[in-house]
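Let me begin by presenting the structure, written as structure tokens, before commenting on it.
The values are calculated or read from the model by the stated rules, or taken from the named source; none is laboratory data. What you see is a predicted model, and the numbers here were worked out from it, not measured in a lab. Glycine gets a Cβ as well: all are built from the backbone with ideal geometry, and neighbour counts include every protein chain shown.
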Amino acid sequence: MKFKRGVELAKGRIDLAPLVDVVFLLIIFFMLTSSFVRQPGIMVRLPKAVTSEALEEKNLIITITAEGQIFLEEKLISQDELASKLEEAALTERPILIKADQNSSLGSVVEVWDLCRKSGISRVSIATKP
């Protein structure tokens, strides 16, 4: 029996094995890289609300953790510093979004809301999960 040397491709036939290998490698690559991407930010479990609405504007975000820590745009801040920053935000008439953990105390949320009102900011929203 005599075998032919070299590779002869028949017209119109494409070997699919290398193509399938490349596709599987791409799938594995994207599965591994996507599972290690971590969302930056502060971990806050928002309370659920049935009547929540999506906001369209760019808000100044105040985050209150379950431990009572206050963050302004992901930077830890005290209440005195927050009051001065809110007075600056009142001049630009930028709306405020309060993201409070569902286990945070109501008192800390009310204190932040009161600081917003004292600063002259009338548009204050509380973030929830739908």
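Here is how the numbers come out for the structure above:
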item	result
Pair list, Cβ under 6 Å, 6 or more apart: segment 101-130 residue farther than 13 Å from Q79 by Cα, other residue crowded, with 16+ Cβ neighbours inside 10 Å and at pLDDT below 85	D101/V44
Close pairs (7 angstrom Cβ cut-off, 6 or more residues apart or separate chains): under 16 Å from E73 (Cα atoms) and at pLDDT 70 or above in segment 23-48, surrounded by 10 or more Cβ atoms within 10 Å (Cβ to Cβ) and of a type outside the set (S, T, N, Q) anywhere	V44/K99; V44/D101
Output for segment 96-110, where each listed residue is buried (at least 16 other Cβ atoms within 10 Å of the Cβ) and either hydrophobic (A, V, I, L, M, F, W, C) or more than 11 Å from I62 (Cβ to Cβ) (or both)	I96, L97, I98, A100, D101, S104, V109
